[in-house]
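Where a number appears in this text, it was derived from the coordinates with a stated rule and is not lab data. Here the structure is a predicted model, which means the values were calculated and not measured. Positions of Cβ are backbone-derived with ideal geometry, glycine not excepted, and every protein chain shown enters the neighbour counts.
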Amino acid sequence: MAKSVTKRKKPRAQRRANAWDQLPLNKGWHAVQYHIHYLIESKEWLTKVKTYIKNNYDKTVVTNINKLPDWKVGGKSHYATAVHFEEYAPDKIHPAYVGRLDKWINELSEEGAKVVELKKAEDKKKKQVHVPTIQERLEEATIDKMEEFDQWEDDWMRDSKNNPLLKKNPLNYFKKYEMNLGHLRFVTEFYKGQWEELQELNNLPTPKKRNDMQQQLAEGYETYSKKEIKELTDFYKRLFDAIEIVKAEKKQTRAVRKPKVKSAAELVKKLKFKPSDSDFGIASINPADIIDATALVVFNTKNRKLGIYFADDHAQFKVKGTSLLFFDETRSVQKTVRKPNEVLPNWKKVTKHKLKTQFGYLKTTETKLNGRFNADTIILKAFK
């Protein structure tokens, strides 16, 4: 008996990345399709087809087809084959695909157009759906929280003889339901009209002196006894007293917002100064070093004035715009430098405790500094 021989599967051809230029167009349709199907990655079929559509159809068709999933457009090797023949050998295209490629692309476009319209309809529907604002949500939450509270007055109207309102505590109620300032604003709006009405009712003039509105108000409460009006008034007073108490407590515990502390770089962002001067061989220090310093040396390259700023007692320099803040206007002075190229090198290495001594060597007239910086100001030294 002959031994059965297990056939080994023929290894699948190795896919190669850029094989479009190696397709055997001269061998016909089936040979080209075989190579595309087995030697070219399917993702490249998609690129091939979409590029063809982009180059040969209008923008509407391209837009519609781009709305479809990739597998619908680039998932079939025979259409990628048809595209390749249309581009490089239209006379050799398979008879079954003459006109078929164009029909298929138009069908894809129609399908994509439906997706576009459906998306527009969904977007329109979303816009029509009302999304409650924060205030509307807060008002709705307040109504829910006050449901039990409203029942108190209903119970009192059914049994006013026993005055059930006397045992009700609005302050405890607000705390129980964790009412915040936003809730209380709506509570005030809900009950303000009734409270003002009761206050006016308790201060009505005699019948002969009432105007039409006052008379209507009195008639509206004709069914209430004086005792009932007093009970209801007392309850509403406790209600609005409780609102004010909770407001005060909330404000006491409200976190104080800390001002944002600006960095030194942010404070000197708009400060005008001269980065360097080649004529005098000097350059400015980092202007951020001015912040929190207590002494500062500057030189104006235009008028050749060298100045020393000293901070106010127990203060440090700050900057606002192009001006220096918190400097001592009495001690902050400047002098003209007659020979800058000889004098300025000494100021590059001056120490804080020798500032006054060094400045005294200048024999020109002393004038006050105004704290203003400009495009001619070199910032030579800053001392903390």
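Around the Cα centre of the chain, unit charges on the Cβ atoms of Lys, Arg, Asp and Glu (plus for the first two, minus for the last two) sum to a dipole of about 3000 debye.
Computed over neighbours whose Cβ is under 10 Å from that of W152, the net charge equals -3, Lys and Arg +1, Asp and Glu -1.
Mean residue ellipticity, 222 nm, helices only, the chain: the sum of -39500 (n - 2.57) across DSSP H runs of n ≥ 4, divided by residue count and rounded to 500, is -15500 deg cm²/dmol.
Return the lysines within reach of K72: Cα separation strictly under 20 angstrom, same-chain partners fewer than 8 residues apart disregarded; answer none if there are no such residues. Correct list for K72: K43, K48, K50, K54, K59, K103, K114, K119. Compactness of the chain was expressed as the Cα radius of gyration divided by 2.2 N^0.38 Å, which yields 2.09.
For the stretch 136-253, just say rounded, prolate or oblate: build the C-alpha gyration tensor, square-root its eigenvalues into a ≥ b ≥ c, call rounded for a/c under 1.5, and beyond that prolate if a/b exceeds b/c, oblate if not. Prolate, because a/c is 1.5 or more and a/b exceeds b/c. In this structure, the amide hydrogen of D328, modeled 1.01 Å from its nitrogen in the peptide plane, lies closer than 5 angstrom to those of F310, A311, D312, counting only residues at least 5 positions away or on a different chain.
Ratio of Rg to Rh for the stretch 264-383: 0.92 [Cα atoms; Kirkwood radius as inverse mean 1/r over pairs].
Listed by chain and number, the lysines whose alpha-carbon sits under 16 Å from that of K168, ignoring those within fewer than 8 places in the same chain, are K145, K176, K230, K237.
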